[in-house]
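Every number here is computed from the coordinates shown, using simple stated rules; none is lab data. Not measured: the values here are computed from a predicted model. Please note: Cβ atoms are built from the backbone with ideal geometry, for glycine as well, and neighbour counts cover all protein chains shown.
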Amino acid sequence: MRIGFVVGEFPLLSHTFVISQIEGLMQRGYDISVICDKIGSDSRIDPWAEPMRTMLANTYRWWPVSSGLRGAVRRLPARLQDKISTAADMLWTEELNRCDLLLAHFGNNGLRLARTKKQNRLAPPIVTIFHGNDVGIPAHQGTLQKYLPLFQHGAYQLTVNDVFRRQLISAGAPEHQVTVHRMGIDCDDIPYRQRDVGDGPLQLISVCRLVEKKGVAFALRAVAALQAAEPDIDWRYSIIGDGPLLVPLRDLAGELGIEERVQFHGALPHSEVKQHLARAHVFLLPSVTAADGDVEGVPVALMEAMAAGLIAVSTYHSGIPELIENHKTGFLAPEKDIQALAMHLISIAENPSAGHSITAAARRHIEAEFNNEVLNDRLAQTITSLLHEEQAA
């Protein structure tokens, strides 16, 4: 069976879940093609190391035009843009039609496929995985029904959390067509280690792209509130990642008077990130809904931190409560609730031994529900069942 992964750019380091999923299906005997708009060239990804070398050897551009022309199309009004893009997509379906099934990551790519299938130019069934902004932003704008062609011509819609599943059903997706399929991590690659919170300063860390939905501004205000309420608690906060809010967040740390205890590292290689995580006690990610409606799915960074033995402190946001149960596998606060976040941090600092049972329970939960080996088995079963149904029809 040949599976075509349809994505925007490949490979992309921030989309390691795509790479991991492709590798998992390759290990289960599937032939894989990747069809994308842009073939990436991230220096942090070795194109000659397996399995990336095999993946790139089977990667094709869907609409092979210059970035300038594609950019010009994107500047057109939305309806005209859709018409031109769909017309162009229909000219470049040869590689797509060589596949037995198409697996699109993000709703916009599934919608493109559905529009092409609607014109009878596409044969394989379409499975689409929804991740975050592809649900959150149109839900905020009241435009989720734009996916109606996908609901009509797609085979399955998979969502990374139950919140998105319910939103797609409310927008018109048939209930039997929408299933939760989580993204996960390689648990065998992340050793669990209990942390001694009382040993030296409380080490806090965030690893994320510095954009609004990650809530780092609220994390900074929370540690400032911690310092004001309990000045005797010694703490340090490391922020790893780059993004448009880097400078404003640095300025905010200065305004709050905590810049001496907060270090902005920028983007780091994965090997260095792992070293920082190994020294940390608490992974802080107080996610919020952005002004444009952008939301998290279930952050992989939280999964990795919990698997490694860090105490997770986050928010009641999107699918995060499906990952973290408050006071049992981590700590949750309402979105933007600075005092609640600070109280969680104070509790962790003042009750160092209590974290051991929480992190052990978190590791068990990750192994049971967010383990890539289990999830890839489920995905393979879904694909096989769907193809057998198609053949029988």
Exercise for the section: Please compute the net charge surrounding Lys118, taking Lys and Arg as +1 and Asp and Glu as -1 over other residues with Cβ under 15 Å from its Cβ. Expected result: +4
Exercise for the section: Please identify, among His176, His327, His265, the residue showing maximal mean-square fluctuation in a Gaussian network model of the chain using a 10 angstrom Cα cutoff. Expected result: His176
Fill in the blank from the handout: Rounded to whole angstrom, the alpha-carbon centroid of the range 328-370 lies from that of the range 93-107 at a distance of 41 Å
Practice task
Determine which aspartates and glutamates satisfy two conditions relative to Lys336: a Cα distance under 12 Å, and not lying fewer than 8 residues away in the same chain.
Solution key: Glu212
Practice task
Indicate the helices, whole DSSP H runs only, in the chain that combine a mean Kyte-Doolittle hydropathy of -1.0 or more with a Cα extent along their long axis of 27 angstrom or more.
Solution key: 372-392
Handout entry: Summed side-chain charge close to Thr16 - residues other than Thr16 whose Cβ falls under 12 Å, Lys, Arg +1, Asp, Glu -1
Key = -4
Practice task
With an 8 Å cut-off on Cα pairs and a minimum separation of 6 or more residues, tell me the relative contact order of the chain in percent.
Solution key: 15 percent
Exercise for the section: Can you tell me which of 311-321, 120-130 comes out highest on packing, and rank the rest after it, using the mean Cβ neighbours within 10 Å? Expected result: 311-321, 120-130
Fill in the blank from the handout: Checking rank on 210-216, 276-282, 288-294, with mean other Cβ inside 10 Å and highest first, the result is 210-216, 276-282, 288-294
Handout entry: For the range 41-50, 3J(HN,Hα) per residue [Karplus equation, 6.51 cos²θ - 1.76 cosθ + 1.60, θ = phi - 60°, Hz, x = Gly/Pro]
Key = 9, 5, 5, 7, 10, 7, x, 9, 7, 6
Exercise for the section: Answer with one residue from Asn133, Gly184, Val300: the one whose Cα lies farthest towards the positive end of the charge dipole of the chain, charges on Cβ with Lys, Arg +1 and Asp, Glu -1. Expected result: Asn133
Completion exercise
The size of the Cβ-based charge dipole (Lys, Arg +1; Asp, Glu -1) of the range 177-297 about the Cα centre, to the nearest 20 debye, is 160 debye
Fill in the blank from the handout: Given backbone amide H placed at 1.01 Å from N, residues whose amide H is under 5 Å from that of Trp62, ignoring those fewer than 5 places away on the same chain, are Cys36, Asp37
Problem - Simple spin-label estimate for Asn351 and Ala278 in nanometres, 7 Å along Cα-Cβ - result: 3.1 nm
Handout entry: Ellipticity estimate at 222 nm from DSSP helix runs (n ≥ 4, -39,500 (n - 2.57)) divided over the chain, nearest 500
Key = -13000 deg cm²/dmol
Exercise for the section: Before anything else, pin down the relative contact order of the range 188-369: Cα pairs under 8 Å, at least 6 apart, normalised by residue count, whole percent. Expected result: 28 percent
Exercise for the section: At a Cα cut-off below 25 Å, give the lysines reachable from Lys117, other chains included and same-chain residues fewer than 8 away excluded. Expected result: Lys38, Lys83, Lys146
Practice task
Could you run the Karplus curve 6.51 cos²θ - 1.76 cosθ + 1.60 with θ = phi - 60° over the range 193-206 and give me ³J(HN,Hα) per residue in whole Hz, x for Gly and Pro?
Solution key: 9, 5, 9, 8, 4, x, 9, x, x, 5, 9, 9, 8, 10
Exercise for the section: Only Lys, Arg, Asp and Glu count, each charged at its Cβ (+1, +1, -1, -1), so figure out the dipole size of the chain about its Cα centre, rounded to 20 debye. Expected result: 1320 debye
Practice task
Rank the residues Asp134, Asp189 as a footprinting-exposure proxy: fewest other Cβ atoms within 10 Å of their Cβ go first.
Solution key: Asp189, Asp134
Problem - Extension reserve of the Asp82-Thr179 stretch, reckoned as 0.36 nm per residue once the Cα distance is removed - result: 32.2 nm
Problem - Sorted by Cβ density within 10 Å, fewest first, the residues Met306, Met26, Met90 - result: Met90, Met26, Met306
Fill in the blank from the handout: Normalised per residue, the volume inside the convex hull of the alpha-carbon atoms of the chain in Å³ amounts to 140 Å³
Practice task
May I ask for the equivalent-ellipsoid semi-axes of the range 221-353, computed as the square root of five times each C-alpha gyration tensor eigenvalue and listed largest first in whole Å?
Solution key: 20, 19, 17
Exercise for the section: Please list the non-local residues whose amide H lies under 5 Å from the amide H of Ser33, H modeled 1.01 Å from N, same-chain partners needing a gap of 5 or more. Expected result: Ile3, Gly4, Phe5
